[in-house]
Amino acid sequence: MSHVFHRQCNQKLPAAVKGDGVYLIDQSGKRYLDASGGAAVSCLGHSHAGVREALHQQIDALAYAHSGFFTTETAEALGEKLTSLAPGDLNYAYFVSGGSEAVEAALKLARQYFVEKGEPQRQRFIARRQSYHGNTLGALAVGGNEWRRAQFAPLLIDVAHIAPCYAYRDQREDETSFEYGQRVANELEQQLLDEGPDTVIAFIAEPVVGATAGVLPAVDGYFKRIREICDKYGVLLILDEVMCGMGRTGTLFAHEYDGITADIVTIAKGLGAGYQPIGAMLTTEEIYQAVSSGTGFFQHGHTYMAHATAMAGSLAVLNAFENEQLVARVGTEGELLQASLKERLIDHPFVGEVRGRGFFQGIEFVADRATKAPLPAKTQFHARLKRTAMESGLMCYPMAGTIDGQAGHHVLLAPPFILSRFERDELVDKLVASINHVSEEVYKEFLACAKTA
(Lines give C-alpha, C1' and ligand atoms only; values in the text may rest on other atoms or scores of the structure.)
Protein backbone atom coordinates (compact mmCIF):
# COMPACT_ATOMS: atom_id res chain seq x y z
CA MET A 1 0.00 0.00 0.00
CA SER A 2 1.38 3.39 -1.05
CA HIS A 3 1.19 6.35 1.31
CA VAL A 4 2.04 8.76 -1.50
CA PHE A 5 -0.83 10.99 -2.61
CA HIS A 6 -0.45 10.31 -6.34
CA ARG A 7 -2.09 12.40 -9.07
CA GLN A 8 -4.50 9.57 -9.81
CA CYS A 9 -5.34 7.87 -6.57
CA ASN A 10 -6.28 4.46 -7.96
CA GLN A 11 -3.63 4.06 -10.62
CA LYS A 12 -0.76 1.64 -10.01
CA LEU A 13 2.43 3.11 -11.45
CA PRO A 14 5.70 1.37 -12.25
CA ALA A 15 8.64 2.61 -10.18
CA ALA A 16 11.39 4.35 -12.12
CA VAL A 17 14.77 3.27 -10.74
CA LYS A 18 17.35 4.41 -13.28
CA GLY A 19 17.91 6.70 -16.24
CA ASP A 20 20.01 5.86 -19.29
CA GLY A 21 20.17 8.55 -21.98
CA VAL A 22 16.70 8.91 -23.50
CA TYR A 23 15.40 5.89 -21.56
CA LEU A 24 13.90 5.36 -18.11
CA ILE A 25 14.14 1.93 -16.51
CA ASP A 26 11.59 0.54 -14.07
CA GLN A 27 11.98 -1.87 -11.16
CA SER A 28 11.57 -4.91 -13.43
CA GLY A 29 14.29 -3.74 -15.82
CA LYS A 30 11.88 -2.66 -18.55
CA ARG A 31 13.12 0.29 -20.64
CA TYR A 32 10.87 3.17 -21.76
CA LEU A 33 11.91 5.57 -24.50
CA ASP A 34 11.01 9.01 -23.15
CA ALA A 35 9.35 10.57 -26.20
CA SER A 36 7.76 13.40 -24.21
CA GLY A 37 10.58 14.36 -21.85
CA GLY A 38 8.11 13.58 -19.08
CA ALA A 39 6.22 16.84 -19.64
CA ALA A 40 8.74 18.46 -22.02
CA VAL A 41 11.29 18.56 -19.19
CA SER A 42 14.10 16.06 -19.76
CA CYS A 43 15.79 17.76 -22.71
CA LEU A 44 19.21 16.21 -21.94
CA GLY A 45 17.93 12.74 -21.15
CA HIS A 46 18.29 11.09 -17.78
CA SER A 47 22.03 10.55 -17.30
CA HIS A 48 23.94 13.58 -18.57
CA ALA A 49 27.41 13.34 -17.05
CA GLY A 50 28.18 17.08 -17.10
CA VAL A 51 25.03 18.09 -15.26
CA ARG A 52 25.41 15.34 -12.69
CA GLU A 53 29.00 16.37 -12.02
CA ALA A 54 28.02 20.03 -11.58
CA LEU A 55 25.34 19.04 -9.06
CA HIS A 56 27.76 16.91 -7.06
CA GLN A 57 30.33 19.70 -6.94
CA GLN A 58 27.76 22.25 -5.79
CA ILE A 59 26.35 20.00 -3.07
CA ASP A 60 29.85 19.35 -1.78
CA ALA A 61 30.49 23.11 -1.58
CA LEU A 62 27.09 24.56 -0.61
CA ALA A 63 23.66 23.05 -1.16
CA TYR A 64 21.45 25.98 -0.13
CA ALA A 65 21.55 29.50 1.27
CA HIS A 66 18.39 31.57 1.75
CA SER A 67 18.16 34.38 -0.78
CA GLY A 68 17.09 36.84 1.91
CA PHE A 69 20.56 36.57 3.43
CA PHE A 70 22.91 35.63 0.57
CA THR A 71 23.35 35.49 -3.14
CA THR A 72 25.54 32.70 -4.52
CA GLU A 73 28.16 32.49 -7.21
CA THR A 74 26.03 30.03 -9.16
CA ALA A 75 22.95 32.29 -9.07
CA GLU A 76 24.98 35.26 -10.31
CA ALA A 77 26.61 33.19 -13.05
CA LEU A 78 23.30 31.73 -14.22
CA GLY A 79 21.63 35.14 -14.23
CA GLU A 80 24.45 36.62 -16.29
CA LYS A 81 24.50 33.78 -18.80
CA LEU A 82 20.74 33.51 -19.21
CA THR A 83 20.14 37.23 -19.72
CA SER A 84 23.08 37.48 -22.14
CA LEU A 85 21.39 34.85 -24.31
CA ALA A 86 17.90 36.37 -24.09
CA PRO A 87 16.48 38.48 -26.93
CA GLY A 88 15.63 42.15 -26.41
CA ASP A 89 16.55 43.73 -23.10
CA LEU A 90 15.48 40.94 -20.75
CA ASN A 91 18.31 41.92 -18.44
CA TYR A 92 17.11 40.51 -15.09
CA ALA A 93 16.24 36.98 -14.01
CA TYR A 94 14.14 36.04 -10.99
CA PHE A 95 14.68 32.38 -10.07
CA VAL A 96 11.96 30.16 -8.61
CA SER A 97 11.26 26.43 -8.43
CA GLY A 98 8.96 25.79 -11.39
CA GLY A 99 6.71 27.06 -14.13
CA SER A 100 3.64 27.93 -12.09
CA GLU A 101 5.79 29.92 -9.66
CA ALA A 102 7.38 31.75 -12.60
CA VAL A 103 3.97 32.74 -13.96
CA GLU A 104 2.75 33.87 -10.54
CA ALA A 105 5.87 36.02 -10.23
CA ALA A 106 5.25 37.48 -13.69
CA LEU A 107 1.65 38.43 -12.89
CA LYS A 108 2.62 40.05 -9.61
CA LEU A 109 5.57 41.91 -11.06
CA ALA A 110 3.43 43.21 -13.91
CA ARG A 111 0.89 44.55 -11.42
CA GLN A 112 3.55 46.07 -9.17
CA TYR A 113 5.20 47.74 -12.17
CA PHE A 114 2.08 49.79 -12.83
CA VAL A 115 1.59 50.53 -9.14
CA GLU A 116 5.16 51.84 -9.00
CA LYS A 117 4.39 53.97 -12.08
CA GLY A 118 1.31 55.50 -10.50
CA GLU A 119 -1.25 53.54 -12.57
CA PRO A 120 -2.99 51.43 -9.91
CA GLN A 121 -6.19 51.34 -11.99
CA ARG A 122 -4.58 48.67 -14.17
CA GLN A 123 -5.96 45.51 -12.60
CA ARG A 124 -6.92 43.21 -15.47
CA PHE A 125 -5.22 40.52 -17.55
CA ILE A 126 -6.15 39.22 -20.99
CA ALA A 127 -5.20 35.71 -22.09
CA ARG A 128 -6.30 33.10 -24.61
CA ARG A 129 -8.68 30.17 -24.62
CA GLN A 130 -7.06 26.72 -24.85
CA SER A 131 -3.90 27.92 -23.13
CA TYR A 132 -2.17 26.69 -20.00
CA HIS A 133 -0.06 28.72 -17.61
CA GLY A 134 0.14 26.62 -14.45
CA ASN A 135 -1.87 25.20 -11.57
CA THR A 136 -1.51 27.86 -8.85
CA LEU A 137 -4.53 30.13 -8.60
CA GLY A 138 -3.18 33.15 -10.48
CA ALA A 139 -1.69 31.00 -13.23
CA LEU A 140 -4.86 28.93 -13.45
CA ALA A 141 -6.94 32.09 -13.77
CA VAL A 142 -5.04 33.39 -16.79
CA GLY A 143 -4.94 29.90 -18.30
CA GLY A 144 -7.66 28.78 -20.66
CA ASN A 145 -7.73 25.07 -19.89
CA GLU A 146 -11.39 24.69 -18.94
CA TRP A 147 -11.02 21.16 -17.58
CA ARG A 148 -8.36 22.26 -15.09
CA ARG A 149 -10.18 25.49 -14.19
CA ALA A 150 -13.72 24.21 -13.71
CA GLN A 151 -13.88 23.13 -10.06
CA PHE A 152 -11.70 26.04 -8.90
CA ALA A 153 -13.51 28.74 -10.89
CA PRO A 154 -15.04 30.42 -7.78
CA LEU A 155 -11.52 31.01 -6.45
CA LEU A 156 -10.06 32.57 -9.61
CA ILE A 157 -9.65 36.22 -10.52
CA ASP A 158 -11.72 37.36 -13.49
CA VAL A 159 -9.65 37.20 -16.69
CA ALA A 160 -10.83 37.86 -20.24
CA HIS A 161 -9.92 35.17 -22.79
CA ILE A 162 -9.73 35.69 -26.54
CA ALA A 163 -9.35 33.12 -29.33
CA PRO A 164 -6.18 31.07 -29.73
CA CYS A 165 -4.27 31.07 -33.00
CA TYR A 166 -5.58 27.68 -34.17
CA ALA A 167 -5.32 27.69 -37.95
CA TYR A 168 -6.19 24.01 -38.43
CA ARG A 169 -9.69 24.58 -37.09
CA ASP A 170 -10.39 28.29 -37.32
CA GLN A 171 -8.82 29.60 -40.54
CA ARG A 172 -11.52 30.30 -43.13
CA GLU A 173 -11.25 29.07 -46.71
CA ASP A 174 -11.49 32.63 -48.00
CA GLU A 175 -8.45 33.94 -46.08
CA THR A 176 -4.70 33.34 -46.16
CA SER A 177 -2.86 32.19 -43.07
CA PHE A 178 -1.53 35.73 -42.63
CA GLU A 179 -5.02 37.23 -42.90
CA TYR A 180 -6.29 34.69 -40.40
CA GLY A 181 -3.49 35.55 -37.95
CA GLN A 182 -4.24 39.26 -38.20
CA ARG A 183 -7.95 38.64 -37.66
CA VAL A 184 -7.51 36.66 -34.45
CA ALA A 185 -4.73 38.96 -33.18
CA ASN A 186 -7.08 41.92 -33.61
CA GLU A 187 -9.40 40.30 -31.07
CA LEU A 188 -6.90 41.57 -28.51
CA GLU A 189 -7.44 45.17 -29.58
CA GLN A 190 -11.20 44.78 -29.47
CA GLN A 191 -11.01 43.22 -26.00
CA LEU A 192 -8.81 46.08 -24.80
CA LEU A 193 -11.35 48.59 -26.07
CA ASP A 194 -14.16 46.67 -24.39
CA GLU A 195 -12.27 46.50 -21.07
CA GLY A 196 -10.87 50.03 -21.20
CA PRO A 197 -7.18 49.94 -22.22
CA ASP A 198 -5.98 51.81 -19.15
CA THR A 199 -7.41 49.08 -16.88
CA VAL A 200 -5.37 46.25 -18.42
CA ILE A 201 -2.00 45.17 -17.07
CA ALA A 202 -0.85 42.60 -19.62
CA PHE A 203 -1.63 40.07 -22.30
CA ILE A 204 -0.18 36.61 -21.64
CA ALA A 205 0.31 33.85 -24.20
CA GLU A 206 2.41 30.81 -25.05
CA PRO A 207 4.43 31.36 -28.25
CA VAL A 208 3.71 27.72 -29.06
CA VAL A 209 0.75 26.35 -27.10
CA GLY A 210 1.67 23.12 -25.34
CA ALA A 211 -0.30 20.24 -23.90
CA THR A 212 -3.73 21.89 -23.68
CA ALA A 213 -4.19 22.25 -27.45
CA GLY A 214 -1.59 19.83 -28.76
CA VAL A 215 1.32 22.03 -29.87
CA LEU A 216 -0.07 25.08 -31.70
CA PRO A 217 2.51 27.36 -33.35
CA ALA A 218 1.13 30.74 -34.34
CA VAL A 219 0.97 31.66 -38.02
CA ASP A 220 3.45 34.19 -39.40
CA GLY A 221 2.65 37.76 -38.42
CA TYR A 222 0.34 36.92 -35.54
CA PHE A 223 2.69 37.82 -32.70
CA LYS A 224 4.06 40.88 -34.49
CA ARG A 225 0.51 42.22 -34.58
CA ILE A 226 0.04 41.29 -30.90
CA ARG A 227 3.19 43.23 -30.04
CA GLU A 228 1.95 46.27 -31.99
CA ILE A 229 -1.36 46.26 -30.11
CA CYS A 230 0.34 45.96 -26.72
CA ASP A 231 2.64 48.87 -27.57
CA LYS A 232 -0.25 51.00 -28.83
CA TYR A 233 -2.15 50.74 -25.54
CA GLY A 234 0.77 50.55 -23.11
CA VAL A 235 -0.02 46.96 -22.13
CA LEU A 236 2.73 44.52 -21.16
CA LEU A 237 3.35 41.38 -23.21
CA ILE A 238 4.08 38.31 -21.07
CA LEU A 239 5.22 35.26 -23.00
CA ASP A 240 4.97 31.92 -21.23
CA GLU A 241 7.76 29.66 -22.49
CA VAL A 242 7.66 27.23 -19.60
CA MET A 243 7.00 24.30 -21.96
CA CYS A 244 8.00 25.59 -25.40
CA GLY A 245 11.17 27.48 -24.47
CA MET A 246 14.80 26.64 -23.72
CA GLY A 247 15.62 25.20 -27.12
CA ARG A 248 12.53 23.02 -27.45
CA THR A 249 11.38 24.58 -30.74
CA GLY A 250 14.84 25.06 -32.30
CA THR A 251 15.71 28.47 -30.84
CA LEU A 252 16.72 29.00 -27.23
CA PHE A 253 13.70 31.26 -26.65
CA ALA A 254 10.62 30.23 -28.61
CA HIS A 255 9.58 33.80 -29.47
CA GLU A 256 12.83 34.36 -31.37
CA TYR A 257 11.11 32.55 -34.25
CA ASP A 258 8.41 35.23 -34.35
CA GLY A 259 10.88 38.13 -34.49
CA ILE A 260 9.45 39.97 -31.48
CA THR A 261 10.54 40.98 -28.00
CA ALA A 262 8.63 40.56 -24.75
CA ASP A 263 8.35 42.55 -21.55
CA ILE A 264 8.36 39.46 -19.32
CA VAL A 265 9.16 35.85 -20.20
CA THR A 266 8.63 32.78 -18.03
CA ILE A 267 10.74 29.64 -18.40
CA ALA A 268 11.18 26.37 -16.51
CA LYS A 269 11.16 22.68 -17.56
CA GLY A 270 14.08 22.59 -20.04
CA LEU A 271 16.00 25.17 -18.02
CA GLY A 272 16.88 22.48 -15.49
CA ALA A 273 16.28 19.47 -17.75
CA GLY A 274 14.70 17.69 -14.78
CA TYR A 275 17.90 17.45 -12.76
CA GLN A 276 16.61 19.97 -10.20
CA PRO A 277 13.29 21.85 -9.88
CA ILE A 278 13.74 25.34 -11.31
CA GLY A 279 11.88 28.12 -13.09
CA ALA A 280 12.66 31.71 -13.92
CA MET A 281 11.00 34.97 -14.81
CA LEU A 282 12.98 37.28 -17.07
CA THR A 283 12.10 40.96 -17.27
CA THR A 284 13.22 44.07 -19.06
CA GLU A 285 15.46 46.84 -17.84
CA GLU A 286 12.51 49.25 -17.77
CA ILE A 287 10.38 47.08 -15.48
CA TYR A 288 13.27 46.33 -13.15
CA GLN A 289 14.22 49.99 -12.89
CA ALA A 290 10.63 50.98 -12.09
CA VAL A 291 10.81 48.80 -8.98
CA SER A 292 14.46 49.50 -8.18
CA SER A 293 14.07 53.27 -8.31
CA GLY A 294 10.65 53.13 -6.63
CA THR A 295 10.05 51.06 -3.52
CA GLY A 296 13.16 49.01 -4.25
CA PHE A 297 11.35 45.86 -3.11
CA PHE A 298 9.50 43.27 -5.19
CA GLN A 299 6.75 42.16 -2.84
CA HIS A 300 7.04 38.49 -3.60
CA GLY A 301 9.26 35.52 -2.76
CA HIS A 302 9.64 31.81 -2.08
CA THR A 303 11.77 29.82 0.33
CA TYR A 304 13.70 27.93 -2.34
CA MET A 305 14.14 30.70 -4.90
CA ALA A 306 17.61 30.85 -6.46
CA HIS A 307 18.47 27.52 -4.82
CA ALA A 308 22.24 27.09 -5.17
CA THR A 309 22.13 23.47 -6.33
CA ALA A 310 19.40 24.16 -8.86
CA MET A 311 21.40 27.13 -10.15
CA ALA A 312 24.46 24.95 -10.68
CA GLY A 313 22.46 22.31 -12.51
CA SER A 314 20.81 24.83 -14.82
CA LEU A 315 24.12 26.52 -15.60
CA ALA A 316 25.47 23.11 -16.61
CA VAL A 317 22.38 22.57 -18.80
CA LEU A 318 22.94 25.84 -20.67
CA ASN A 319 26.62 24.98 -21.07
CA ALA A 320 25.65 21.61 -22.52
CA PHE A 321 23.36 23.33 -25.02
CA GLU A 322 26.31 25.39 -26.23
CA ASN A 323 29.10 22.83 -26.04
CA GLU A 324 27.10 20.11 -27.77
CA GLN A 325 25.34 22.53 -30.21
CA LEU A 326 22.03 21.01 -29.23
CA VAL A 327 19.61 23.86 -29.99
CA ALA A 328 20.59 23.97 -33.65
CA ARG A 329 20.35 20.17 -33.71
CA VAL A 330 16.79 20.35 -32.40
CA GLY A 331 15.80 22.46 -35.40
CA THR A 332 17.18 20.09 -38.04
CA GLU A 333 16.32 16.83 -36.28
CA GLY A 334 12.86 18.14 -35.43
CA GLU A 335 12.12 18.65 -39.11
CA LEU A 336 13.13 15.05 -39.77
CA LEU A 337 10.95 13.80 -36.93
CA GLN A 338 7.94 15.71 -38.24
CA ALA A 339 8.57 14.49 -41.79
CA SER A 340 8.76 10.89 -40.60
CA LEU A 341 5.51 11.23 -38.63
CA LYS A 342 3.74 12.79 -41.61
CA GLU A 343 5.00 10.09 -43.95
CA ARG A 344 3.86 7.26 -41.70
CA LEU A 345 0.51 8.83 -40.79
CA ILE A 346 -0.42 10.61 -44.03
CA ASP A 347 -3.29 8.23 -44.84
CA HIS A 348 -4.34 7.38 -41.29
CA PRO A 349 -8.12 7.89 -41.06
CA PHE A 350 -7.97 9.23 -37.49
CA VAL A 351 -5.05 11.64 -37.93
CA GLY A 352 -6.14 15.21 -38.69
CA GLU A 353 -2.87 17.13 -38.43
CA VAL A 354 0.78 16.68 -37.51
CA ARG A 355 2.21 20.03 -36.39
CA GLY A 356 4.91 21.69 -34.34
CA ARG A 357 8.44 23.07 -34.32
CA GLY A 358 11.70 21.35 -33.48
CA PHE A 359 11.37 18.63 -30.87
CA PHE A 360 7.91 19.91 -29.95
CA GLN A 361 5.42 18.01 -32.09
CA GLY A 362 1.71 17.32 -31.82
CA ILE A 363 -0.71 15.01 -33.57
CA GLU A 364 -4.43 15.86 -33.51
CA PHE A 365 -6.83 12.94 -33.89
CA VAL A 366 -10.21 13.17 -35.60
CA ALA A 367 -13.12 10.89 -36.42
CA ASP A 368 -13.36 12.27 -39.97
CA ARG A 369 -10.45 13.87 -41.83
CA ALA A 370 -12.71 15.72 -44.28
CA THR A 371 -14.97 17.39 -41.70
CA LYS A 372 -12.37 17.44 -38.87
CA ALA A 373 -15.05 16.10 -36.55
CA PRO A 374 -13.42 15.00 -33.28
CA LEU A 375 -13.49 11.49 -31.94
CA PRO A 376 -16.23 11.01 -29.34
CA ALA A 377 -15.02 11.80 -25.84
CA LYS A 378 -16.26 8.41 -24.65
CA THR A 379 -13.62 6.65 -26.76
CA GLN A 380 -10.98 7.82 -24.24
CA PHE A 381 -8.53 7.71 -27.14
CA HIS A 382 -5.88 9.60 -25.19
CA ALA A 383 -5.93 7.33 -22.15
CA ARG A 384 -5.86 4.20 -24.26
CA LEU A 385 -2.98 5.53 -26.33
CA LYS A 386 -0.92 6.33 -23.24
CA ARG A 387 -1.55 2.88 -21.79
CA THR A 388 -0.77 1.08 -25.05
CA ALA A 389 2.40 3.09 -25.66
CA MET A 390 3.65 2.43 -22.11
CA GLU A 391 3.07 -1.29 -22.61
CA SER A 392 5.30 -1.12 -25.69
CA GLY A 393 8.02 0.83 -23.83
CA LEU A 394 7.20 4.34 -25.04
CA MET A 395 6.37 7.42 -22.97
CA CYS A 396 4.23 9.99 -24.81
CA TYR A 397 1.85 12.74 -23.67
CA PRO A 398 -1.74 12.23 -24.94
CA MET A 399 -4.51 14.59 -23.84
CA ALA A 400 -8.21 15.14 -24.35
CA GLY A 401 -10.13 18.41 -24.71
CA THR A 402 -7.97 19.70 -27.56
CA ILE A 403 -10.64 21.90 -29.10
CA ASP A 404 -12.56 23.41 -26.20
CA GLY A 405 -11.63 21.54 -23.04
CA GLN A 406 -14.03 18.69 -23.76
CA ALA A 407 -13.90 17.69 -27.43
CA GLY A 408 -10.84 16.46 -29.25
CA HIS A 409 -7.76 14.29 -28.66
CA HIS A 410 -4.07 14.73 -29.36
CA VAL A 411 -0.65 13.47 -28.41
CA LEU A 412 2.36 15.68 -27.63
CA LEU A 413 5.95 14.66 -28.32
CA ALA A 414 8.93 16.40 -26.72
CA PRO A 415 11.89 14.02 -26.80
CA PRO A 416 15.33 14.79 -25.35
CA PHE A 417 17.59 16.89 -27.57
CA ILE A 418 20.13 14.06 -27.63
CA LEU A 419 17.73 11.70 -29.43
CA SER A 420 19.68 9.72 -32.05
CA ARG A 421 18.29 8.83 -35.46
CA PHE A 422 18.07 5.19 -34.42
CA GLU A 423 16.07 6.23 -31.36
CA ARG A 424 13.92 8.50 -33.51
CA ASP A 425 13.01 5.49 -35.67
CA GLU A 426 12.15 3.51 -32.54
CA LEU A 427 9.97 6.39 -31.31
CA VAL A 428 8.05 6.65 -34.59
CA ASP A 429 7.66 2.87 -34.96
CA LYS A 430 6.29 2.41 -31.45
CA LEU A 431 4.05 5.47 -31.60
CA VAL A 432 2.54 4.53 -34.98
CA ALA A 433 2.00 0.96 -33.81
CA SER A 434 0.27 2.22 -30.67
CA ILE A 435 -1.93 4.64 -32.63
CA ASN A 436 -2.86 1.84 -35.05
CA HIS A 437 -3.70 -0.54 -32.21
CA VAL A 438 -5.99 1.93 -30.42
CA SER A 439 -7.52 3.07 -33.72
CA GLU A 440 -8.43 -0.51 -34.63
CA GLU A 441 -10.12 -0.96 -31.25
CA VAL A 442 -12.08 2.27 -31.64
CA TYR A 443 -13.07 1.44 -35.23
CA LYS A 444 -14.43 -1.95 -34.14
CA GLU A 445 -16.46 -0.19 -31.46
CA PHE A 446 -17.86 2.20 -34.11
CA LEU A 447 -18.91 -0.79 -36.23
CA ALA A 448 -20.50 -2.53 -33.26
CA CYS A 449 -22.50 0.60 -32.40
CA ALA A 450 -23.62 0.95 -36.02
CA LYS A 451 -24.90 -2.62 -36.08
CA THR A 452 -26.95 -2.16 -32.91
CA ALA A 453 -28.33 1.23 -33.92
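Annotation: amide H-H contacts under 5 Å for His300 (H modelled 1.01 Å from N, sequence separation of 5 or more, or interchain): none. Legend: calculated FRET efficiency, Ala370 to Leu155, from the Cβ-Cβ distance at R0 = 56 Å, rounded to 0.05, equals 0.85.
Taking the inverse of the mean reciprocal distance over all distinct Cα pairs, the Kirkwood hydrodynamic radius of segment 130-241 comes to 14.6 Å. Size descriptors for segment 98-172 (Cα atoms only): Rg and Dmax, in that order, 13.8, 44 Å.
Summary of packing: across the peptides 95-103, 13-21, the per-residue average of other C-beta atoms within 10 Å ranks them, highest first, as 95-103, 13-21.
Accessible surface of Asp170, taken over heavy atoms with a 1.4 Å probe and every protein chain present, rounds to 70 Å². So for segment 61-140, considering every pair of alpha-carbon atoms, how many percent are separated by more than 21 Å? Tail fraction, whole percent: 48. For the peptides 37-43, 80-86, 122-128, 400-406, residues were scored by their other Cβ atoms within 10 Å and the scores averaged per peptide; the highest-first order is 37-43, 122-128, 400-406, 80-86.
Any idea how far the Cα center of segment 107-144 sits from the one of segment 269-289, in Å? The two parts, judged by their Cα centres, are 17 Å apart.
If the segment from Thr199 to Thr136 were pulled out straight at 0.36 nm per residue, it would be longer than the present Cα-Cα gap by 20.3 nm.
For the chain, the solvent-accessible area of protein heavy atoms averages 44 Å² per residue (probe radius 1.4 Å; ligands and nucleic acids excluded).
Apply 1/(1 + (r/R0)^6) to the Cβ-Cβ distance of Glu285 and Ala63, taking R0 = 35 Å, and write down the FRET efficiency to the nearest 0.05. Efficiency at R0 = 35 Å is approximately 0.60.
Computed from backbone phi with θ = phi - 60° and the Karplus coefficients 6.51, -1.76 and 1.60, the 3J(HN,Hα) list for segment 128-138 is 10, 5, 6, 10, 9, 10, x, 9, 6, 5, x Hz; x is used for glycine and proline.
Stretching Thr303 away from Phe422 to a fully extended chain increases their span by 38.5 nm, per 0.36 nm per residue minus the current alpha-carbon distance.
Note on exposure: Met305, Met246 ranked by accessible area (1.4 Å probe, complete protein assembly) read Met305, Met246, with the most exposed listed first. Relative to one another, the C-alpha centroids of segment 412-434 and segment 234-253 are positioned 24 Å apart.
Principal axis extents of the Cα atoms in segment 349-422, from largest to smallest and rounded to whole angstrom, are 37, 27, 23. Surface composition of the chain: carbon plus sulfur atoms hold 52% of the accessible area, using a 1.4 angstrom probe and ignoring ligands, DNA and RNA. Working from Cα pairs under 8 Å separated by at least six residues, relative contact order for segment 347-453 is 24 percent. If you wrap segment 1-157 in the convex hull of its Cα atoms and look at it from every side, the mean projected area works out to 14.3 nm².
Listed by chain and number, the lysines placed with their C-alpha closer than 20 angstrom to that of Lys378 are Lys386, Lys444, Lys451; residues fewer than eight positions away on the same chain are left out. Each residue of segment 17-27 was assigned a 3J(HN,Hα) from its phi angle through the Karplus curve 6.51 cos²θ - 1.76 cosθ + 1.60 (θ = phi - 60°); the sequence is 10, 7, x, 9, x, 8, 10, 10, 10, 8, 5 Hz, with glycine and proline shown as x.
Ordering Ala61, Val51, Leu13 by the projection of their Cα atoms onto the charge dipole of segment 1-69, which places +1 on the Cβ of Lys and Arg and -1 on the Cβ of Asp and Glu, puts Leu13 at the extreme positive end.
Of the residues Gly143, Val200, Gly247, the one whose Cα sits farthest toward the positive end of the charge dipole of the chain, with +1 on the Cβ of Lys and Arg and -1 on the Cβ of Asp and Glu, is Gly143. Each of Ser47, Ser439 has its accessible area taken with a 1.4 Å probe; listed largest first, they run Ser47, Ser439.
Extension gain for the segment Ala339 to Gln27, taken as residue separation times 0.36 nm less the Cα-Cα distance, is 108.8 nm to one decimal. Distance between the C-alpha centres of segment 156-233 and segment 1-70: 36 Å, rounded to the whole angstrom.
Placing pseudo-labels 7 Å out from each Cα toward the beta carbon at His3 and Arg52 gives an inter-label distance of 3.0 nm. Note: relative contact order over the chain, using C-alpha pairs below 8 Å and six or more positions apart, is 22 percent. With a Förster radius of 35 Å, plug the Cβ-Cβ distance of Asn319 and Glu228 into 1/(1 + (r/R0)^6) and report the FRET value to the nearest 0.05. Efficiency at R0 = 35 Å is approximately 0.45. For segment 114-247, a crude dipole built from +1 on the beta carbon of Lys and Arg and -1 on the beta carbon of Asp and Glu, taken about the Cα centre, is about 300 debye to the nearest 20.
A simple rule links phi to the HN-Hα coupling: the Karplus curve 6.51 cos²θ - 1.76 cosθ + 1.60 with θ = phi - 60°, which for segment 252-269 gives 4, 9, 4, 6, 4, 4, 8, x, 10, 10, 10, 8, 9, 10, 10, 9, 5, 5 Hz, with x for Gly and Pro. Overall, segment 327-368 carries a charge dipole of about 220 debye about its Cα centre when +1 sits on the Cβ of Lys and Arg and -1 on the Cβ of Asp and Glu, all other atoms neutral. Assuming charge only on the beta carbon of Lys and Arg (+1) and of Asp and Glu (-1), the dipole of segment 206-360 about its Cα centre is about 220 debye to the nearest 20. Pick out, from Leu413, Gly331, Val366, the residue whose Cα sits farthest towards the positive end of the charge dipole of segment 309-418, with +1 on the Cβ of Lys and Arg and -1 on the Cβ of Asp and Glu. My answer, from the dipole projection, is Val366.
Direction-averaged projected area, Cα convex hull, segment 296-453: 14.0 nm², rounded to one decimal. Taking label points 7 Å from Cα along the Cα-to-Cβ direction, Thr452 and Leu13 give a separation of 3.5 nm. The Cα atoms of the chain cover 72, 56, 44 Å along the three principal axes, with the biggest extent listed first.
The values are calculated or read from the model by the stated rules, or taken from the named source; none is laboratory data. Since the model is a prediction, treat every value here as computed from it, not as a measurement. All Cβ positions, glycine included, derive from the backbone under ideal geometry; neighbour counts span all protein chains shown. Note: areas computed on protein heavy atoms with side chains; ligands, DNA, RNA excluded. Shrake-Rupley method; radii C 1.70, N 1.55, O 1.52, S 1.80 Å.
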